[in-house]
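A.B. asks: Structure in structure tokens, see below.
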Amino acid sequence: MKKIFIFLLFMTTIATGKAGDNPFLRPFDTPHGTAPFGLIKTEHYEPAFEQAIREHQQEIDRIVADTAPATFRNTIEAMEFSGQLLTRVSSVFFNLLSAESNDEMMAVSQRLSPKLSKHSNNINLNEKLFERIKAVYDARLTSGLTPEQIRLTEEYYDNFEDSGATLSPEKKQVYRQLSEELSKATLEYGQNNLKETNAFEMLLTNEADLAGLPESVREAAASKAKSKSKEGWLFDLSAPSYIGLMKYSTRRDLRRKLYMAYNTKSVNGGEFDNKRLVQQIVNLRLQIANLLGYKNYADYVLKNRMAKNQQSVFTLLDQLAAAYGPVAKQEVSEVQAFAAETEGAAIDIQPWDWSFYADKLKHKRYDLNDERVRPYFELENVKKGVFGLATDLYGLTFVKNDAIAVYHPEVEAFDVMDENGAFLAVLYTDFHPRDGKRSGAWMTSYKEQYIKDGADSRPQVSIVMNFTRPTETKPALLTFDEVETFLHEFGHALHGMLAKSTYPSLSGTNVYRDFVELPSQLMENWLVEKEYLDRFAFHYQTGEKMPQELVQKIIDASNYTTGYLCLRQLSFGYLDMAWYTLEKPFDGDVRAFEQTAMQRVQLMPVVPEACMSTAFGHIFSGGYAAGYYSYKWSEVLDADAFSVFKKNGIFDRKTARSFRTNILEKGNTEDPSKLYLRFRGQEPSIDALLERNGIRQ
């Protein structure tokens with residue numbers, strides 16, 4: 001199941017240390033069994049992994065050697081709860097590799113990656129083990145299993161089948177080799193991106209170069225420079241730094257320089273170039289799909305998604321392109337005209353101009369930009385607002401617990417309590433960018449929820465962001481987009497924290513990729529609701545509530561450039577599908593292929609040097625290969641779902657209870673289409689999304 005295959009997804013590793021001093025090799029005697037981060041050192045990982053692999057293999061061997069007929073309990077359930085040490089070590093290392101990494105951890109991950117991949121293959125390709133799984137699978141409907149047990153059995157069978165269990169011995173060996181090569185390639189791809197991102201800095205020493213930048217951006221850049229013992233203003237490729245300069249700098253040359261650095265990552269033939277790895281990853285995945293009987297990798301992936309097949313994906317992408325395309329083209333024309341008017345001369349806007357002129361036009365139309373709203377989005381107030389929404393909807397409370405160890409001084413840990421006072425989960429929050437932390441935002445799990453021996457073992461989840469830092473004179477003041485990101489990742493966290501499954505593989509966010517974004521994207525809807533903003537958007541200096549006219553401007557501007565933003569997402573979806581619907585090995589030019597794949601929804605002039613594919617971690621080193629469409633698929637669902645809240649009241653407890661019991665608690669215990677139908681009472685429709693965005697077909 002997912003727990004078994006996690007090694008292939010993350011591909012990571014470690015070093016050496018004495019077992020007696022290794023915190024992984026003894027129980028975590030900590031609050032809620034949380035990781036003792038203060039005791040864990042890099043040298044602890046490798047011996048812990050080695051021990052964990054041995055223990056897990058011994059457990060699998062005992063399952064295979066059992067002379068009793070295969071049953072759910074002695075085979076499926078036994079596998080489900082095997083490898084607990086490996087799961088524990090993996091969760092800590094894999095998560096810190098993204099949030100608190102260094103060169104030593106990266107090197108160590110490369111050393112152990114082949115061992116983890118080999119261990120995974122040893123399980124997935126074990127013929128006698130699969131025979132037992134198949135025996136349980138064949139009798140699943142007649143052996144008195146619960147619906148959840150049937151679901152788990154089917155998931156195990158399907159995952160083993162998809163991992164080569166039914167192949168001939170010769171083809172199993174080929175599968176083993178391909179999967180191990182893929183494991184290594186995807187790991188190297190992600191590490192190249194991180195190293196390339198960390199390597200770029202742009203130091204400005206002349207104040208004239210800061211023309212157009214608001215005080216908040218200048219102060220953040222000065223703080224960044226000071227933190228690295230440099231004089232001046234330092235910009236890098238972290239989101240707050242990059243977006244701040246691209247949106248406000250009047251220096252077109254600097255915008256272009258930063259844009260080119262961001263959009264030519266791992267493509268210029270240097271040490272961290274990913275063009276070769278793009279080709280290798282695409283071709284390895286195609287070979288694996290072919291080996292398993294599929295024409296392409298998309299067919300292999302999509303059979304276990306809500307979409308079911310690539311035709312459904314392209315239907316959605318095409319439908320949205322047709323609906324939003326005319327709007328997007330009109331938006332680009334308007335920004336182009338505004339740019340010419342602003343400059344007093346003809347100007348062909350380039351990609352590095354879009355944010356600058358689009359934001360200025362937004363300010364002209366709505367008297368609104370990030371700097372107007374920042375003072376009302378102080379991080380501590382926003383945190384109260386986000387947590388408070390969970391209180392209003394689900395009755396949850398959040399209590400900071402300083403007794404729980406954290407992996408960085410900026411990280412906080414909370415006990416999450418249910419309405420009846422029962423402990424629900426541990427929540428870690430990690431808000432700001434730093435060296436060794438990858439870009440973007442994500443929710444992750446240190447421990448899944450499950451029920452064993454009658455005890456409900458509660459989850460430990462984390463939300464990780466890269467928000468604007470506090471400065472010497474101001475607290476962290478967020479942009480509207482950052483608050484939206486907070487709500488998004490918190491929606492994922494709720495999915496994990498409210499889980500109520502028996503088995504960890506079916507718990508929380510372990511659902512179909514095109515369903516997992518529903519809880520996260522649903523949460524974003526509240527941010528353009530006046531009644532919600534009134535609850536937490538207070539000026540950080542005066543404490544005054546956000547003025548009603550500013551709240552209204554946020555609501556009025558909520559669909560600004562919605563067409564452009566939709567087509568941008570569609571371009572990523574089309575690119576993803578182009579790579580993974582290939583039916584022949586790729587040996588061409590990565591940039592040329594990409595430009596062809598995206599040209600249908602291309603709105604800006606093509607920049608020949610730029611390349612998305614060499615830095616598209618979602619589909620090359622993450623879990624979104626043939627799955628990026630999921631964001632738009634889930635957007636249809638979230639708009640449709642929120643229409644119920646709009647009808648019944650955005651804080652309606654009955655609606656929230658239905659969403660909790662039918663979606664958030666269920667995980668992957670049932671087919672997501674059935675779960676959604678049970679909540680909604682009807683099939684989802686694209687109409688709510690079009691209505692929300694002011695679009696009409």
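A.B. asks: So, Tyr259, is that one touching a strand residue (DSSP E or B) at 6+ places or on another chain (Cβ under 9 Å), part of a helix (DSSP H, G or I) and touching a residue at least 12 places away in the same chain (Cβ under 8 Å) or not? Let's see the steps before the verdict.
C.D. replies: Values: touching a strand residue (DSSP E or B) at 6+ places or on another chain (Cβ under 9 Å): no; part of a helix (DSSP H, G or I): yes; touching a residue at least 12 places away in the same chain (Cβ under 8 Å): yes.
The answer is no for Tyr259.
A.B. asks: Further question on the same structure: Does Lys172 qualify as being of a type in the set (D, E, K, R), crowded, with 18+ Cβ neighbours inside 10 Å, under 30 Å from Thr71 (Cβ atoms) and in contact with a Leu (Cβ under 6 Å, 6 or more places away or on another chain)?
C.D. replies: Numbers: of a type in the set (D, E, K, R): yes; crowded, with 18+ Cβ neighbours inside 10 Å: yes; under 30 Å from Thr71 (Cβ atoms): yes; in contact with a Leu (Cβ under 6 Å, 6 or more places away or on another chain): yes.
So Lys172 fits the description; yes.
A.B. asks: Let me ask you something else. Being β-branched (Val, Ile, Thr) and more than 23 Å from the chain's Cα centre (by Cα) is the filter here; which residues of region 396-420 pass it? Spell out the reasoning first.
C.D. replies: Of region 396-420, the ones β-branched (Val, Ile, Thr) are 397, 399, 404, 406, 411, 416.
Scanning region 396-420 gives Thr397, Val399, Ile404.
A.B. asks: Quick one: how many residues across region 135-179 are of a type outside the set (Val, Ile, Thr) and farther than 21 Å from Leu302 by Cα?
C.D. replies: Keep residues of region 135-179 that are of a type outside the set (Val, Ile, Thr), which gives 135, 137-141, 143-145, 147-149, 151-152, 154-165, 167-173, 175-179.
Now drop any that are not farther than 21 Å from Leu302 by Cα, which leaves 135, 137-141, 143-145, 147-149, 168-173, 176-177.
Going through region 135-179 one residue at a time, the tally reaches 20.
A.B. asks: Please specify each residue of region 406-435 satisfying the condition of being hydrophobic (A, V, I, L, M, F, W, C) and within 14 Å of Leu96 (Cα to Cα).
C.D. replies: So in region 406-435, the residues hydrophobic (A, V, I, L, M, F, W, C) come out as 406, 411, 413-414, 416-417, 422-427, 431.
Within region 406-435, Val406, Val411 meet the criteria.
A.B. asks: Follow-up. Name every residue in region 203-214 that is of a type outside the set (Asp, Glu) and surrounded by fewer than 18 Cβ atoms within 10 Å (Cβ to Cβ), in order of residue number.
C.D. replies: Leu203, Thr205, Asn206, Ala208, Ala211, Gly212, Pro214
A.B. asks: Confirm whether Leu320 is closer than 23 Å to Glu170 by Cα and either in a helix (DSSP H, G or I) or in contact with a Pro (Cβ under 7 Å, 6 or more places away or on another chain) (or both). Can you show your working first?
C.D. replies: On the way: closer than 23 Å to Glu170 by Cα: no; either in a helix (DSSP H, G or I) or in contact with a Pro (Cβ under 7 Å, 6 or more places away or on another chain) (or both): yes.
The answer is no for Leu320.
A.B. asks: Another question, if that's okay. Of all residues in region 175-202 being polar (S, T, N, Q) and closer than 29 Å to Ser505 by Cα, which is surrounded by the fewest Cβ atoms within 10 Å (Cβ to Cβ)?
C.D. replies: Residues of region 175-202 that are polar (S, T, N, Q), as a first pass: 177, 179, 183, 186, 191-193, 197-198.
Then keep just the ones that are closer than 29 Å to Ser505 by Cα; that gives 177, 179, 183, 186, 191.
Numbers: Gln177: 13, Ser179: 22, Ser183: 24, Thr186: 25, Gln191: 20.
My answer is Gln177.
A.B. asks: With Thr471, Thr502 as the choices, which residue is under 30 Å from Lys226 (Cβ atoms) and surrounded by fewer than 21 Cβ atoms within 10 Å (Cβ to Cβ)? Step through it out loud before you land on a result.
C.D. replies: Details: Thr502 fails: under 30 Å from Lys226 (Cβ atoms).
Residue meeting the stated conditions: Thr471.
A.B. asks: Output the residue which, of all residues in region 527-556 that are more than 20 Å from Leu477 (Cβ to Cβ) and touching a Phe, Trp or Tyr at 6+ places or on another chain (Cβ under 8 Å), is surrounded by the most Cβ atoms within 10 Å (Cβ to Cβ).
C.D. replies: Asp556
A.B. asks: Quick one: which of Glu231, Glu207, Glu219, Glu196 is closer than 24 Å to Ala615 by Cα and of a type outside the set (Phe, Trp, Tyr)? Let's see the steps before the verdict.
C.D. replies: Details: Glu231 fails: closer than 24 Å to Ala615 by Cα; Glu207 fails: closer than 24 Å to Ala615 by Cα; Glu219 fails: closer than 24 Å to Ala615 by Cα.
Every option except Glu196 fails the conditions.
A.B. asks: Could you list, in sequence order, all residues of region 362-374 that are within 31 Å of the chain's Cα centre (by Cα) and in a helix (DSSP H, G or I)?
C.D. replies: Lys362, His363, Asp370, Glu371, Arg372, Val373, Arg374
A.B. asks: Further, regarding this structure: Would you mind telling me which numbered condition in (1) touching a helix residue (DSSP H, G or I) at 6+ places or on another chain (Cβ under 9 Å); (2) over 29 Å from Gly436 (Cα atoms); (3) loosely packed, with under 14 Cβ neighbours inside 10 Å Glu59 fails?
C.D. replies: Unmet for Glu59, out of (1) touching a helix residue (DSSP H, G or I) at 6+ places or on another chain (Cβ under 9 Å); (2) over 29 Å from Gly436 (Cα atoms); (3) loosely packed, with under 14 Cβ neighbours inside 10 Å: (3).
A.B. asks: Separate question: Considering only residues that are under 21 Å from the mean Cα position of the chain (by Cα) and not in a helix (DSSP H, G or I), look in region 641-679 and name the one that is surrounded by the fewest Cβ atoms within 10 Å (Cβ to Cβ).
C.D. replies: Glu665
A.B. asks: Next up: What number of residues within region 247-283 satisfy the criterion of being within 24 Å of the chain's Cα centre (by Cα) and closer than 22 Å to Pro351 by Cβ?
C.D. replies: Total meeting the criteria: 12.
Table: residues versus (1) modelled with pLDDT of 95 or more; (2) in contact with a His (Cβ under 6 Å, 6 or more places away or on another chain); (3) over 27 Å from Thr669 (Cβ atoms).
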| residue | (1), (2), (3) |
| --- | --- |
| Phe377 | yes, no, yes |
| Leu393 | yes, no, no |
| Ala422 | yes, no, no |
| Arg438 | no, no, yes |
| Met443 | yes, yes, no |
| Lys452 | yes, no, no |
| Ala455 | yes, no, no |
| Thr468 | no, no, yes |
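A.B. asks: Right, something else. What number of residues within region 530-542 satisfy the criterion of being modelled with pLDDT of 95 or more and farther than 13 Å from Val382 by Cα?
C.D. replies: 3
A.B. asks: Quick check on this structure: which one of Ser113, Ser101 is over 19 Å from Lys303 (Cβ atoms), outside any helix (DSSP H, G or I), at pLDDT below 95 and out of contact with any Pro (no Cβ under 8 Å at 6 or more places or on another chain)?
C.D. replies: After applying the criteria, what remains is Ser101.
A.B. asks: Can Lys224 be described as part of a helix (DSSP H, G or I), touching a residue at least 12 places away in the same chain (Cβ under 8 Å) and closer than 18 Å to Asn198 by Cα?
C.D. replies: Working: part of a helix (DSSP H, G or I): yes; touching a residue at least 12 places away in the same chain (Cβ under 8 Å): yes; closer than 18 Å to Asn198 by Cα: yes.
The answer is yes for Lys224.
A.B. asks: Listed residues Ile150, Ile133; which is surrounded by 20 or more Cβ atoms within 10 Å (Cβ to Cβ), more than 26 Å from the chain's Cα centre (by Cα) and either in a helix (DSSP H, G or I) or not aliphatic (A, V, I, L, M) (or both)? Explain how you work it out, then say what you get.
C.D. replies: Values: Ile150 fails: surrounded by 20 or more Cβ atoms within 10 Å (Cβ to Cβ).
Matching residue, one of Ile150, Ile133: Ile133.
A.B. asks: Are there any pairs with C-beta distances below 7 angstrom linking a residue in region 335-354 that is part of a loop (DSSP other than H, G, I, E, B) to a residue that is hydroxyl-bearing (Ser, Thr, Tyr), with the two at least 6 apart or on different chains, and if so which?
C.D. replies: Listed pairs, sorted by first residue: Ile349/Tyr357.
A.B. asks: Could I ask something else about it? Which condition from (1) within 25 Å of Ala328 (Cβ to Cβ); (2) assigned to a loop (DSSP other than H, G, I, E, B); (3) in contact (Cβ under 8 Å) with a residue 60 or more places away in the chain is the one that Asp638 breaks?
C.D. replies: Just one mismatch for Asp638, condition (2).
A.B. asks: Another question, then. Is region 160-168 home to any residue that is closer than 30 Å to Glu77 by Cα, under 26 Å from the mean Cα position of the chain (by Cα), modelled with pLDDT of 95 or more and surrounded by fewer than 18 Cβ atoms within 10 Å (Cβ to Cβ)?
C.D. replies: no
A.B. asks: Suppose the filter is within 18 Å of Asn369 (Cβ to Cβ) and in a loop (DSSP other than H, G, I, E, B); does Leu237 pass it?
C.D. replies: Values: within 18 Å of Asn369 (Cβ to Cβ): no; in a loop (DSSP other than H, G, I, E, B): yes.
The answer is no for Leu237.
The values are calculated or read from the model by the stated rules, or taken from the named source; none is laboratory data. Bear in mind the structure is a predicted one, so any value in this text is a computation, not a measurement. Because the Cβ atoms are built from the backbone with ideal geometry, glycine has one as well, and the counts that use them run over all protein chains shown.
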